[in-house]
Amino acid sequence: MAGDDLQGRRVLTMVTNYGVEQDELVVPVDHLRRNGADVDVAAVSDEPVQTLVGDKEPGRSVSPTTTLDEADPGGYDLLLVPGGALNADHLRMDPRVVDAARTFADSERPVAAICHGPWALVEADLVRGKTLTSYPSLRTDIGNAGGYWVDRPVVADNTDGWTLVTSRTPDDLDDFLREVEAALVTSP
């Protein structure tokens, strides 16, 4: 994409302050910003976000631009939910994240989740009837929630009038970002 193809588009990224997988946060945020999108990183608090590499080694520290309490999901075009097992496990138990995911789906705006990120969507009861992918350990959770899990680098599903983009791991980021961009360009 050219450097300003996403100009005017706003992305809300929701994370905890510890445990998000480094490349699942940093790579999409940097990529989307380079292509003109306004990306907010909303964390539990305004303290730095400590990312992890492989769910165990310390990664980059990222400064949030807002908090989960301050972020208004209504002001964004796409919701991005990165993984990291610790991050995703806490996000799925946070009503602010679950409610935000429902708000996006209810207003037919796209949601993108990678790796363990779809756990929040399972909790929000948003995967029913959708085909998606994730880190393989979520397969049973997705199936039990009425979703259809597939082992592919990326899946974009438009069932029920809103787009859900999912990917498995950081290895799939190129495919994931391509579909996130497509969803952003066509979002209402």
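Observations on the structure shown:
- Applying the criterion of being within 22 Å of D106 (Cβ to Cβ) and assigned to a strand (DSSP E or B) to the residues of the range 46-85, the residue that is farthest from the chain's Cα centre (by Cα) is T66.
- Some residue of the range 149-164 being over 24 Å from R10 (Cα atoms) and either in contact (Cβ under 8 Å) with a residue 60 or more places away in the chain or touching a Pro at 6+ places or on another chain (Cβ under 8 Å) (or both): yes
- Taken residue by residue, the range 120-138 has at least one member that is part of a helix (DSSP H, G or I) and closer than 14 Å to M14 by Cα.
- The single condition from (1) under 12 Å from the mean Cα position of the chain (by Cα); (2) buried (at least 22 other Cβ atoms within 10 Å of the Cβ); (3) in a helix (DSSP H, G or I) that L177 fails is (2).
- Number of the condition not met by A100 [criteria: (1) under 25 Å from A156 (Cβ atoms); (2) not in a helix (DSSP H, G or I)]: (2)
- Pair list, Cβ under 8 Å, 6 or more apart: the range 166-188 residue within 15 Å of H31 (Cβ to Cβ), other residue at pLDDT 95 or above and among the basic types (K, R): L184/R9; V185/R9
- Filtering G161, G147 for residues that are of a type outside the set (V, I, T) and either within 21 Å of E181 (Cβ to Cβ) or surrounded by fewer than 24 Cβ atoms within 10 Å (Cβ to Cβ) (or both) leaves a single hit, G161.
Yes/no per residue for (1) buried (at least 19 other Cβ atoms within 10 Å of the Cβ); (2) touching a strand residue (DSSP E or B) at 6+ places or on another chain (Cβ under 7 Å); (3) aromatic (F, W, Y); (4) without any contact (Cβ under 8 Å) to a residue 24 or more places away in the chain:
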| residue | (1), (2), (3), (4) |
| --- | --- |
| L86 | no, yes, no, no |
| R109 | yes, yes, no, no |
| A112 | yes, yes, no, no |
| C115 | yes, yes, no, no |
| P118 | yes, yes, no, no |
| E123 | yes, no, no, no |
| L132 | yes, yes, no, no |
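- Only listed residue being touching a Gly at 6+ places or on another chain (Cβ under 7 Å) and either crowded, with 19+ Cβ neighbours inside 10 Å or free of Cβ contacts under 8 Å to residues at least 24 places away in the same chain (or both), chosen from P64, P82, P28: P82
- Residue in the range 167-188 that is closer than 21 Å to V20 by Cα and of a type in the set (S, T, Y) present: yes
- Filter result for E108 (among the acidic types (D, E), closer than 23 Å to W162 by Cβ, at pLDDT 95 or above and assigned to a helix (DSSP H, G or I)): no
The values are calculated or read from the model by the stated rules, or taken from the named source; none is laboratory data. All values reported here derive from a predicted model rather than from experimental measurement. Glycine gets a Cβ as well: all are built from the backbone with ideal geometry, and neighbour counts include every protein chain shown.
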